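Working notes, structure below.
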Amino acid sequence: MKKSILYVGLVVILLSWVGNYLYFSMNQLDKPVMLKHYYQEHIEEETLFELHYLINRNQKVDISTIHIPGLDYVQIIDEDHQYNTYRHHKLKTIFVKIDKHMLEDKIKDGFVINEVEAFLTNGERVIYDIGEITLAEWKRGPFEFRAAGGSSDGSSFDFVAAEEDLTLHSYEIPYLEKLSNGLTLFVNHEQASLTPIAIEMRNGHHLPDDNPAEKLKDVTVDKLDQKIFPLELGAGEFLNVEHHFSFTDKDPSQHHYYYFEVVFNGETKDGSSFTHGTVLHYNPYFSEYDIKQIIKEERGK
């Protein structure tokens, strides 16, 4: 009788061990999984951006270095400590630096990166679809920066002042097909609301516990669409743009990284046209469930 109980116990332990091993094996990656990035990066003397990817937690196979098609050389900044750990995986980051002289003959229309050539620590060479990263010049219209900020819930704001009389005629949003319905934009140019906040800023009321820029979050704004144009601003008047990222639970777009400009098209009083960009960014937060969904989607391709 006691032997029978012992045998049953051993079988249960063995089955549990086999089950755990099978579950562990099912969650192991053959190679790193690259996530998707939709960036519009501004060209600087040294342009920096991040690429994010998943590897197994035991880290037997990792990305050693990368090459970007069309560029002779990119520098990978060693920041090996930059990762988040999950039950079976790590989320790691590659920091890429590109010197401006590498882009001198490619700046005019922007340089677009859709894939990278990665060299793994096991000697394997892999071509990864990284999304779409455009390196281009800044788009800055006749506006003076006043304040910008954001929060962890996907919301942020941008507050600028017109340097001269101008009219905004339209706006453009890149990556709309990749955003699904995850982005909502709002705009406020009501001077009665914005002027008192600007006066506080001008007077230097920027204490951490009384930052007037925070009050912009409470300003009533209108949803941004083409119907509200044209927008006319006099010299010294203010424009407040807010955005909010919010994706449905099953939308794979929530797993992508975004950094881009909403571009406003306008003209000054003398008829000179301009474009002005407001930067939006979104970095996803991953749960264990999200990691499983990303891997499941990757294996289903």
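The values are calculated or read from the model by the stated rules, or taken from the named source; none is laboratory data. Since the structure is predicted, the reported quantities are computational estimates derived from the model, not experimental observations. Every residue, glycine among them, receives a Cβ derived from its backbone with ideal geometry; neighbour counts consider all protein chains shown. What goes into the accessible areas is simple: the full protein's heavy atoms, side chains included, and nothing from ligands, DNA or RNA. Shrake-Rupley method; radii C 1.70, N 1.55, O 1.52, S 1.80 Å.
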Checklist outcome for this item: From highest to lowest solvent-accessible area (probe 1.4 Å; ligands, DNA and RNA excluded), THR184, THR268 read THR184, THR268
Next on the checklist: Checking the cross-link filter: which aspartates and glutamates have an alpha carbon closer than 15 Å to that of LYS97, excluding same-chain neighbours under 8 positions apart?
Outcome noted: GLU41, GLU44, GLU45, GLU46, GLU50, ASP72, ASP78, GLU79
Checklist entry - Using a Förster distance of 45 Å, how high is the FRET efficiency between GLU137 and ALA192, based on the Cβ-Cβ distance and rounded to 0.05? => result 0.80
Checklist outcome for this item: Applying the gyration tensor rule to the Cα atoms of the stretch 40-150 (axes a ≥ b ≥ c; rounded if a/c under 1.5, else prolate if a/b exceeds b/c, else oblate), the class is oblate
Next on the checklist: For a Förster distance of 22 Å, can you work out the FRET efficiency between the beta-carbons of GLU267 and PHE145, rounded to the nearest 0.05?
Outcome noted: 0.60
Checklist entry - If each of ILE199 and ILE77 carries a label point 7 Å out from its Cα toward its Cβ, how far apart are those two points in nm? => result 4.2
Checklist entry - At a 1.4 Å probe radius, carbon and sulfur cover how many percent of the accessible area of the stretch 90-192? => result 45
Checklist entry - In whole percent, how big is the carbon plus sulfur part of the accessible area of the stretch 223-266, probe 1.4 Å, protein atoms only? => result 49
Item to check | Distance violations [Cα-Cα > 25 Å] among LYS60/LYS100; LYS92/LYS292; LYS100/LYS178; LYS227/LYS250; LYS31/LYS100; LYS31/LYS292 | outcome: LYS60/LYS100; LYS100/LYS178; LYS227/LYS250; LYS31/LYS100
